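J.: After the structure tokens below, expect a handful of questions from me.
Read-outs: derived from the displayed coordinates by stated rules, not from any lab. Being a predicted model, the structure only gives us computed values, none of them experimental. For neighbour counting, all protein chains shown are included, and Cβ atoms are generated from backbone atoms with ideal geometry for every residue, glycine included.
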Amino acid sequence: MREHPASTIDTRAHSIGAAAQASGVKVPTIRYYEEIGLLPAPPRTDGGRRAYAMGDIRRLAFIRHARELGFEIEAIRALLALQDRPDQSCAAADAIARDRLAEVEERIASLTALKAELTRMIEGCSHGEVGVCRVIETLADHGACRHHRRGDA
């Protein structure tokens, strides 16, 4: 875990509660991000309380937004490392975003196939007794599931 350089500490120090409110990240999550090194450990006040600068709050908001977009912790760690060195090429950031997009597209395809299977099950229901219910029949025989036979895609 890296420490804050003295030059980044501003006089507008914020408590962990204020940092949580300003960034939209919960207090326990802030502590977790410090523990795993996504957020540098902030300096402490004389009373031992964490003192967050505006840069910390912006970093927390960045992490929150990346999490909302579904980026994994290691991808966020890589993106933060890139953000910390703005003079380099953005090719690595693009690659991370492209990987996330591919994951999203794969998930959309899987959900689309799942939707089609559920629709087929419901439309095949004769509204008779459970013994001849298409929903129950399909769920009982995974081989009858078209979604399964397509390899989840």
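J.: Sorted by mean Cβ packing within 10 Å, highest first, what order do the peptides 86-92, 19-25, 41-47, 70-76 take?
T.: Working: 86-92: 8.9, 19-25: 18.9, 41-47: 12.0, 70-76: 15.1.
Peptide ranking by packing, descending: 19-25, 70-76, 41-47, 86-92.
J.: Here's another thing I want to ask about it. Taking amide H atoms as placed 1.01 Å from N in the peptide plane, list the residues 5 or more away in sequence, or in a different chain, whose amide H sits under 5 Å from that of His14.
T.: Amide H neighbours of His14: Tyr52, Ala53.
J.: If you don't mind, another one. What length, rounded to one decimal in nm, is gained on full extension from Glu105 through to Ile136, with 0.36 nm per residue of separation minus their alpha-carbon distance? Working shown, then result.
T.: On the way: separation 31, 0.36 × 31 = 11.16 nm, distance 2.98 nm.
Here the answer is 8.2 nm.
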